[in-house]
1. When you have a sec, figure out the Kirkwood radius of the range 271-388 from all distinct Cα pair distances and drop it here in Å to one decimal?
2. If you average the C-alpha positions of the range 319-368 and of the range 97-173 separately, how far apart do those two centres end up, in angstrom?
3. Which one of P193, T382, G359 is farthest out on the positive end of the charge dipole of the chain, using unit charges on Cβ (Lys, Arg +1; Asp, Glu -1) and the Cα centre as origin?
4. Quote to one decimal, in nm, the extra length available between K374 and L210 on full extension: 0.36 nm per residue of separation minus the C-alpha distance between them.
5. Just the projected area, averaged over all directions, of the convex hull on the alpha carbon atoms of the chain: how many nm²?
6. Relative to the present Cα-Cα distance, how much length would full extension add between F291 and D12 at 0.36 nm per residue of separation?
7. Give the shape of the range 34-151 as rounded, prolate or oblate, defined through the alpha-carbon gyration tensor: a ≥ b ≥ c are the square roots of its eigenvalues, a/c under 1.5 means rounded, and otherwise the shape is prolate if a/b is larger than b/c and oblate if not.
8. Given an 8 Å cut-off on Cα distances and at least 6 residues of separation, report the relative contact order of the range 261-377 as a percent.
Amino acid sequence: MAGTGLFAEILDGDVYKYYADGEWKKSSSAKTVAIINPTTRKTQYKVQACTQEEVNKVMESAKTAQKSWAKTPLWKRAELLHKAAAILKEHKAPIAECLVKEIAKPAKDAVTEVVRSGDLVSYTAEEGVRILGEGKFLVSDSFPGNERTKYCLTSKIPLGVILAIPPFNYPVNLAVSKIAPALIAGNSLVLKPPTQGAVSALHMVHCFHLAGFPKGLISCVTGKGSEIGDFLTMHPGVNCISFTGGDTGIAISKKAGMVPLQMELGGKDACIVLEDADLDLVAANIIKGGFSYSGQRCTAVKVVLVMESVADGCVFTKDVNKAILISDAMETGTVQINSAPARGPDHFPFQGLKDSGIGSQGVTNSINMMTKIKSTVINLPTPSYTMG
Ligand code: NAP
């Protein structure tokens, strides 16, 4: 059960604690934020309303912890992530219970979200070991005017402190999709969970705590986005913001300083139905796509564009050539052919264009986005050409 057994230490009376410096803490604000159960309309949980001073401390420890984490061997980072993933999956029941009570996620989908999140963490650990284990070696004489007197070695280095802000509808999955890439790449991470979904996220963070990550490397500060959001996103200690949500992201992008942004915002998710479409497939997908999880999925179908001749029935196309032509012509980040819009599987790149996003989600892209390239150039006194 949520807040009991292994999770008892994250609860103080009827208020969930926040997580900083490897410990569960009460806020000095002595204020709490109520989480309403959408089904009963009553207060289900309470979380701490963290102060600006507490945010400052979290940023300081995140910065310190990151310095030694970046020197932790990649395989060890991966090992800890695998451990966290296993603990998360083992404790899917209490976390799923929170998802049901905080965001009215159907029970089966709630369990799926936790298991999928564990898998995402493990996959990210694997992917990180592969892609971060490789760099590039360049020679200077491929550029006109140069002899081979310079060798350039490039590697991917961490950015520092990543601020992660996920939305209410996938508070666990969209939190770990930021946490895991940040950590495998050698960054530290500060999570600001959505208020509705905060307790699920706190339980998830406890699984990372139990896995044994160093103190200060992961923190979770709770409070209303409208109250501490600006302070967090404009904090000078933040080196990258990964945000998923609505138009709040547009406002954040205008306020954030010169830090990389990963913004995954809302879209229109139109379905196009051509004359030759399999109408049974279309109908099933549009209904599922529009109404599953009460239409609260970010990729829920919002618009259906149907050729007049099949308007009484419905969609897609059996003609892959037409599908590709339409896909190419559409100014949109992600196109699904013959299925309702969807984000997953979690390793597929998923992105928006214009006001619906900056950058790209998906395991590999998130790891790359949370790193930058460092070049080390070796200058030779005389040209040197490698002989075969
Ligand atoms: P939201 O209202 O934009 O909130 C998202 C997050 O931002 C929450 O954690 C919220 O905290 C926080 N926040 C609020 N004000 C802030 C501020 N001033 N500074 C920093 N953070 C602030 O979105 P939502 O209603 O939770 O989620 C639904 C939206 O997410 C929809 O538009 C949906 O399309 C989008 N979404 C997109 C994807 C994708 O992959 N592209 C996936 C899922 C959802 P509080 O909860 O405390 O306010």
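1. Details: mean 1/r = 0.0576 Å⁻¹.
Result for the range 271-388, one decimal place: 17.3 Å.
2. When both Cα centres are located, 18 Å separates them.
3. Most positive-ward Cα: T382.
4. Values: separation 164, 0.36 × 164 = 59.04 nm, distance 3.32 nm.
My answer for the length gained is 55.7 nm.
5. Working: hull surface 94.9 nm².
So the Cα hull casts an average projection of 23.7 nm².
6. Numbers: separation 279, 0.36 × 279 = 100.44 nm, distance 3.76 nm.
So the extension gain works out to 96.7 nm.
7. Working: a/c = 2.94, a/b = 2.04, b/c = 1.44.
Prolate is the answer for the range 34-151, as a/c is 1.5 or above and a/b outweighs b/c.
8. 33 percent
The values are calculated or read from the model by the stated rules, or taken from the named source; none is laboratory data. Keep in mind that this is a model prediction, so the values were computed, not measured. So basically every Cβ, Gly included, is an ideal-geometry build from the backbone, and we count neighbours across all protein chains shown. These area figures cover heavy atoms from the full protein model, side chains too; ligands, DNA and RNA do not enter into them. Shrake-Rupley method; radii C 1.70, N 1.55, O 1.52, S 1.80 Å.
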